[in-house]
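See below for the structure under consideration.
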Amino acid sequence: MSNSDILSKADKALRPVLKELGRFPWVRLEGCCAGHKQEDSLWLEINVLGSSGLQRLSELLRILDGKLTGTDCRIDCLLSYAAPADAAPVPHGWIPAAIEVFWPARNDWRRNQSLIVETLLSSIEEFGGRLAEPANPPCAINYCPFCSSSFIRVDMLEKSTNRYRCGDCDMTWTMIDPTV
């Protein structure tokens, strides 16, 4: 199922959040629910690309969690390590995760649902601004050309070329390193 299919079937309240998440190339939407009753919760099933995607997701969730501080709402993120036998396999390099936001079961649950959606939108906006900030790593970092992960290992050192292996998607490539 594509992001547009999920978006067209999603709850109207959740569509703006899904559109914003769809802008990130390291996130794939798999399913969602905005909650339909006072005892329900809002949840998103997503896949993130590699360890760099997990790192970005963690940062986004830290922003969201900080904004929910002082409310009765709480957020959980679970990584899926076992899929049902009848489920389609996750593409190589992608990590399935589920984000769930809980609110207390009360008659004004729609207010909490709206609060969560607005908080998600403002968190995504704030996080998107942080992506534009220049990174200042203390040393040089190689990124996987296949999945953008920074979890890179040197597979073989040679005089003129080096072979690298990605720790996330397990792809191997050769690169000619410049002489210093």
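The values are calculated or read from the model by the stated rules, or taken from the named source; none is laboratory data. Everything quoted here is computed from the prediction, not taken from an experiment. Here the Cβ is made from the backbone with ideal geometry for all residues, glycine too, and neighbour counts use every protein chain on show. Note: accessible area is taken over every heavy atom of the protein model, side chains too, but ligands, DNA and RNA are not part of it. Shrake-Rupley method; radii C 1.70, N 1.55, O 1.52, S 1.80 Å.
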For Asp108, what accessible area in Å² do you get when you roll a 1.4 Å probe over the heavy atoms of the protein chains, rounding to the nearest 10?
50
According to a simple spin-label model (label point 7 Å from Cα along Cα-to-Cβ), what is the distance in nm between Asp72 and Arg23?
3.3
Between beta-carbons, use under 10 Å as the cut-off and find the net charge around Trp173, counting Lys and Arg +1, Asp and Glu -1.
+1
Sequence of Lys12, Lys19 from largest to smallest accessible area, 1.4 Å probe:
Lys12, Lys19
For Glu30, other-chain or 5+-apart residues with amide H closer than 5 Å (H placed, Pro excluded) are Glu45, Ile46, Asn47
What residues have an amide H closer than 5 Å to that of Ser149, excluding those fewer than 5 places away on the same chain, when H is modeled at 1.01 Å from N in the peptide plane?
Cys144
Using 0.36 nm per residue, how much length does the chain from Arg110 to Leu157 gain when fully extended, once their Cα-Cα distance is taken away?
11.0 nm
Ser41: net charge of surrounding residues, Cβ under 12 Å, Lys/Arg +1, Asp/Glu -1, itself excluded?
-2
The ³J(HN,Hα) series, computed from each phi in segment 114-125 with the Karplus coefficients 6.51, -1.76 and 1.60 at θ = phi - 60°, rounded to the nearest Hz and given as x for glycine or proline, is 5, 4, 5, 4, 5, 5, 4, 4, 5, 5, 5, 4
If amide H atoms are modeled at 1.01 Å from N in the peptide plane, then the residues at a separation of 5 or more from Asp155, or on another chain, having amide H under 5 Å from its own are Arg163, Tyr164, Arg165
